[in-house]
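J.: Here it is, the structure, as structure tokens.
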Amino acid sequence: MNKNLAKEAIVKLKAYKKVVDKELGLFFARQLDECKDIDETACAAISALEDFSLRGGKRIRAALIYYGFLCFSKEKPGKDLLRASMAMELVQSFLLIHDDIVDRDELRRGEDTVHKIFEKMGEKKFSFGKNIKEKEHFGRSAAILVGDVCVALANMALAEVKFENKTRASYELNRVIRNTTFGQIIDSESSYCEIVPESTLQKTLKIYRLKTAAYTIEVPLRIGAVLAGATNREIDKIKSYAEPLGIAFNIQDDILGLFGKKEKFGKPTGSDLKEGKKTLLLLKALELATKEEGAFIMKNLGARNMSEKTVNRIKEIMLKTGAYDYCVNYAKDLILDSKKIISRQNYREKGKSFILGISDYLLEREC
């Protein structure tokens with residue numbers, strides 16, 4: 001691992017985040033100005049989106065569009081590439097808003113999810129009284145619609161760029177929205193399915209590919225490559241290293257979601273267990289656990305009111321059985337394999353060094 005390359009990539013990532021966030025702020029200001037002629041509800045929707053989109057996030061996807069472009073082009077990127085990067089971040093907000101509703105999460109990046117924002121807004125505005133179900137329904141309904149507005153804004157932002165290949169880039173963006181949504185549906189179904197070891201594992205890996213690998217790593221790089229004028233062969237080659245890198249990222253997120261600090265992760269730990277998600281970490285623990293340990297996990301899996309004591313007991317089983325170490329090492333192996341493939345690519349140095357640096361960052365990411 002090249003620690004210097006990882007540090008350089010993080011410095012570049014933080015610098016690009018500032019530029020993207022500034023552009024997002026200007027974009028939302030224009031949208032807010034336009035919405036004043038529509039209705040105050042439209043203004044509230046845009047304000048909620050702005051708050052949600054700018055409250056955090058590393059902007060890895062936006063940066064991968066930028067540096068994916070630099071892998072293939074020596075032209076100096078301008079405002080149009082920045083707008084394309086911004087479109088990817090708007091898609092990220094759209095997916096997270098809907099994901100939080102599906103997963104029934106109330107926190108995102110340490111603050112209220114969008115459906116909770118509107119739930120509280122509705123409580124002040126309307127006479128729900130003790131009708132909690134109606135209040136929650138209003139919050140979820142408003143958030144679904146605000147998410148729909150967000151994905152429309154992403155397409156509008158991309159439509160404004162002047163690249164010759166923007167239609168192909170738009171296709172890539174909308175294809176990943178479709179596939180990520182399919183992944184979300186499969187993930188939701190899997191929470192209710194009985195565990196059948198081999199087929200459940202294959203379904204979990206499919207969810208990782210659809211929900212994270214494609215839209216976090218592969219498609220941002222593909223969009224950057226498309227806009228730079230890369231050949232179809234060069235664009236298709238991206239999947240060979242982006243997919244394992246994205247799967248590793250997802251595995252690490254699963255670990256952080258259970259073993260990470262709530263303040264750092266931005267949402268309550270143990271939510272995957274409460275939702276009954278069949279993560280690799282869970283499946284490996286069940287494979288390696290004793291009969292009694294496995295029975296304890298299965299008895300409590302999916303319990304929305306799971307106690308902290310029960311969450312901690314399951315974490316102990318994951319550590320004791322070696323499931324935790326297995327997943328950490330598996331993610332590292334995927335990243336190292338990806339790095340070998342990236343190193344062999346005939347990319348321009350600015351783009352290549354950033355992708356390698358981000359890979360090294362993932363290697364040392366705290367699990």
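J.: Straight-line reach from LYS315: which aspartates and glutamates have Cα under 13 Å away, leaving out those fewer than 8 places along the same chain?
T.: ASP254, ASP272, GLU293, ASP325
J.: Under a GNM of the chain (C-alpha, springs under 10 Å), which listed residue has the highest mean-square fluctuation: SER199, SER191, SER73?
T.: Most flexible of the set in this elastic network: SER199.
J.: Name the shape class, rounded, prolate or oblate, that the alpha-carbon gyration tensor gives for the range 90-176, where a ≥ b ≥ c are the square roots of its eigenvalues, rounded holds for a/c under 1.5, and otherwise prolate holds if a/b is larger than b/c and oblate otherwise.
T.: prolate
J.: Also, I was wondering about something else. Just flag the trypsin sites (Lys or Arg not before Pro) in the range 288-341 sitting in loop per DSSP whose Cβ has no more than 10 other Cβ atoms within 10 Å.
T.: Taking the range 288-341 and a limit of 10 other Cβ atoms within 10 Å, the loop trypsin sites (Lys or Arg not before Pro) found are ARG304.
J.: Next up: If you take the Cα Rg of the range 203-357 and divide it by 2.2 N^0.38 Å, with N the number of residues, what do you get?
T.: 1.22
J.: A follow-up question, please. Students often forget the sequence filter, so: which aspartates and glutamates lie under 16 Å Cα-Cα from LYS352 once same-chain residues fewer than 8 apart are removed?
T.: GLU8, GLU75, GLU218, GLU234, ASP337, ASP360
J.: For LYS130, go through the aspartates and glutamates and keep the ones whose alpha-carbon is under 16 Å away, minus same-chain ones fewer than eight residues off.
T.: The qualifying aspartates and glutamates are GLU119.
J.: Additional query: Provide Rg over Rh for the range 1-119; use the alpha carbon set for both Rg and the Kirkwood Rh (inverse mean inverse pair distance).
T.: Answer for the range 1-119: 1.03.
J.: Here's something else I'd like to know. Of the listed pairs LYS3/LYS350; LYS76/LYS237; LYS162/LYS339; LYS274/LYS320; LYS116/LYS277, which have alpha-carbon separations greater than 26 Å here?
T.: From the list (LYS3/LYS350; LYS76/LYS237; LYS162/LYS339; LYS274/LYS320; LYS116/LYS277), the Cα-Cα distance tops 26 Å for LYS162/LYS339.
J.: With 23 Å as the limit, write out which pairs from LYS284/LYS340; LYS278/LYS299; LYS203/LYS284; LYS120/LYS211 have Cα-Cα distances beyond it, or answer none.
T.: Checking Cα-Cα distances, LYS284/LYS340; LYS120/LYS211 exceed 23 Å.
J.: Separate question: Whole number please: convex hull volume per residue, Cα atoms of the range 40-83, in Å³.
T.: Given the Cα convex hull of the range 40-83, per-residue volume reads 79 Å³.
J.: When the Karplus curve 6.51 cos²θ - 1.76 cosθ + 1.60 is applied with θ = phi - 60°, which whole-Hz ³J(HN,Hα) does each residue of the range 300-311 get, with x for Gly and Pro?
T.: 9, 4, x, 7, 5, 9, 3, 6, 4, 4, 5, 4
J.: If we sort 128-138, 159-169, 220-230 on the protection proxy, mean other Cβ atoms within 10 Å, highest first, what's the order?
T.: 220-230, 159-169, 128-138
J.: Taking amide H positions as placed 1.01 Å from N in the peptide plane, with prolines and chain starts having none, which residues 5 or more places from ARG108, or on another chain, fall under 5 Å of its amide H?
T.: So ARG108 has HN proximity to THR113.
FYI, it's all coordinate maths here, none of it is from the lab. As the structure is a computational prediction, the values presented were derived from the model and not from experiment. So basically every Cβ, Gly included, is an ideal-geometry build from the backbone, and we count neighbours across all protein chains shown.
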